[in-house]
Amino acid sequence: MTRTGYPPPGTPADAQLATHNVTRLSVGVAIVLIALKAFALGASGSVSILASLLDSTLDLVASLVTFVAVRWAAGPADERHRFGRGKGEALAALIQSGLIFASAVFVGWEALQRILDPRPITAGVWGVSVILISIVLTLGLVWMQTRAIKRSQSMAVTADRAHYTADLAASVVVLIGVASGAFLQAPGLDAAAGLVVSVWLFWGALGLVRTAADHLLDRAVSDADRITITTAVLSDPRISGVHQLRTRMAGPVLMIQMHIDMDPGLTLKAAHDIIVEAENRLLVAFPAADILIHPDPRGQAGAVDTCAADGDAEPEPDPELTQKGAAGPWS
């Protein structure tokens, strides 16, 4: 059944629609959680709920950053951004990690203060109820984000999901802290729960920094993806080798560059047709890829790998990416 008014599933337009919808939902959920937790904090005075409220406030900021970033990054290439603006998503993820670090430091400090000076928790029923509602809302949001990521591979949404997944686990810890402080008369456990939340947030922020840095520093895709790329290209017997393979991510877009070896007697038109067919095979596996393929006459590849040009030893080719002919450097 066709979805009237919507782009077909699996297309870049469908991916963009998915990210736009889920970022709007993320902002809405963050606003609701802030309102609920502010009420619970006023009723209970729990440091765990204070930690959770602060984190939800930063969630709102992070969700707004993601909301703007995915729309800006989805814009077409222009004169100032010839490779597109996909790395805006990585920048958004980096901003999110900074917000999470700040939250972790504040929550940790407050938790330590409450451990040294425990305070009683009141209205435990309200606190527990609000945390249970927030867990349900966050779980639903994470589920929707997971669906959107499968369709778009958006790094900004992935970072936002990582944030909310950490919140989900933290909410369980907060629930334990509030319940123990209110019903077991052990406010020190509530403060300890806040400290656990702080450590959890810090660890999650480190993961976001690593992921964002990989994108911003043009880290190559996994060996499995590179094997998929070379296998697709070399499935045509008229292509006898692949070398100088370079890959990187620009947001959800996979950038692929390579040289291929072909019969030196081919006409320009024949070589062009072979390259177009190879590009189409790659687009089946990577629909949003940006592909650049340079043909070399078999046995006469003249391009020098940048690693060798910079004076470094030429890297050994991966045995799983063996070429059907000349073997050259790849990345």
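A short reminder: the numbers here are calculations on the coordinates, not readings from a lab. Everything numeric here is computed off the predicted structure, so don't read it as measured data. Cβ coordinates were reconstructed from backbone atoms using ideal geometry, including for glycine residues, and neighbour counts include every protein chain displayed.
Rounded to the nearest 20, the size of the Cβ-charge dipole of segment 201-251 about its Cα centre is 80 debye, with Lys and Arg at +1 and Asp and Glu at -1.
Each residue of segment 158-167 is assigned a 3J(HN,Hα), and the resulting list reads 4, 5, 5, 5, 4, 4, 6, 5, 4, 4 Hz, derived from the Karplus form 6.51 cos²θ - 1.76 cosθ + 1.60 (θ = phi - 60°), x at Gly and Pro. Take the Cβ atoms of Arg210 and His272, set R0 to 41 Å, and the FRET efficiency comes out at 0.50. Net charge in the neighbourhood of Ser171 (other residues with Cβ under 13 Å of its Cβ; Lys, Arg +1, Asp, Glu -1) is -2.
Quick one: grab the alpha carbon gyration tensor of segment 205-265, order the square roots of its eigenvalues as a ≥ b ≥ c, and give me rounded if a/c is under 1.5, else prolate or oblate depending on whether a/b is larger than b/c. Before the final figure, lay out each step's value.
Working: a/c = 3.91, a/b = 2.89, b/c = 1.35.
Prolate.
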